[in-house]
Structures are given as C-alpha cells and as structure tokens.
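Asker: Okay, here's the structure, questions in a sec.
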Amino acid sequence: MPRISVELIPDPEYGGFTARLPDIPAYGEGATEEEAIADLKEAVLGYIEAFGVDSALARICSPSALRHMDWDLAEMARE
C-alpha cells in the first residue's frame, strides 16, 4: 500500500485548514487539521465513486516531482 501525502494549508486570515492530495483533485476543510483530513477522506471517497478506485490508485502511484520556485508573484502580476 503506497503512503499518501496530504498537504495541510493553514488559513491565516480566517483560521482553520484545507487538506488536499497533490495527485487527486479532492479537498477537505476544517477548523483543525484532523477535521480537514476527515473531510478530505470524504472527498476522496466521492472521487472514487465518480471515477473508480483504479483511477485514484493510478494517480497516487504515478511518480510526481515537487519543485520550489522563486517566483515574485507581485512582479508577475505587473507584467
């Protein structure tokens, strides 16, 4: 069974968290990390119901690369 990476994104303005899987278009939200992860599990089940478990597994098992970019978003917006 592959390990699944869950990204937890805090919301500094309103509080709470968004949880997402980088490889599956599914998101969860909650006041705590645990609530966001529980909501994400429900979203992943919805994805599986819509597209099938084989699709979810193929996305998770595909190699992916994360790169950290030094982008100046304010400068990009001015262009």
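The values are calculated or read from the model by the stated rules, or taken from the named source; none is laboratory data. Since this is a predicted model, take the numbers as computed values, not measurements. Counting neighbours? That spans all protein chains shown, and the Cβs are built from the backbone with ideal geometry, glycine included.
Asker: Mind listing whichever residues of region 1-30 are among the aliphatic types (A, V, I, L, M) and either under 11 Å from the mean Cα position of the chain (by Cα) or surrounded by 11 or more Cβ atoms within 10 Å (Cβ to Cβ) (or both)?
Answerer: Narrowing region 1-30 to residues among the aliphatic types (A, V, I, L, M): 1, 4, 6, 8-9, 19, 21, 24, 26.
Residues satisfying the conditions are Ile4, Val6, Leu8, Ile9, Ala19, Leu21, Ile24, Ala26.
Asker: When the residues of region 60-79 are filtered to those that are at pLDDT 85 or above and part of a helix (DSSP H, G or I), which remaining residue is farthest from the chain's Cα centre (by Cα)? It would help to see each step written out before you state the result.
Answerer: As a first pass, look at region 60-79 and keep what is at pLDDT 85 or above: 70-78.
Restricting the remaining residues to those that are part of a helix (DSSP H, G or I) gives 73-78.
Values: Leu73: 21, Ala74: 24, Glu75: 27, Met76: 25, Ala77: 25, Arg78: 29 Å.
Taking the candidates together, the pick is Arg78.
Asker: Next up: Pull up region 1-46, narrow it to residues that are acidic (Asp, Glu) and assigned to a strand (DSSP E or B), then point me to the one that is nearest to Ala58 (Cα to Cα). Give the steps one after another, and end with the answer.
Answerer: Taking region 1-46 and keeping what is acidic (Asp, Glu), we get 7, 11, 13, 23, 29, 33-35, 39, 42.
Filter again for assigned to a strand (DSSP E or B), leaving 7, 29.
Details: Glu7: 19, Glu29: 24 Å.
If we take residues in region 1-46 being acidic (Asp, Glu) and assigned to a strand (DSSP E or B), then Glu7 is nearest to Ala58 (Cα to Cα).
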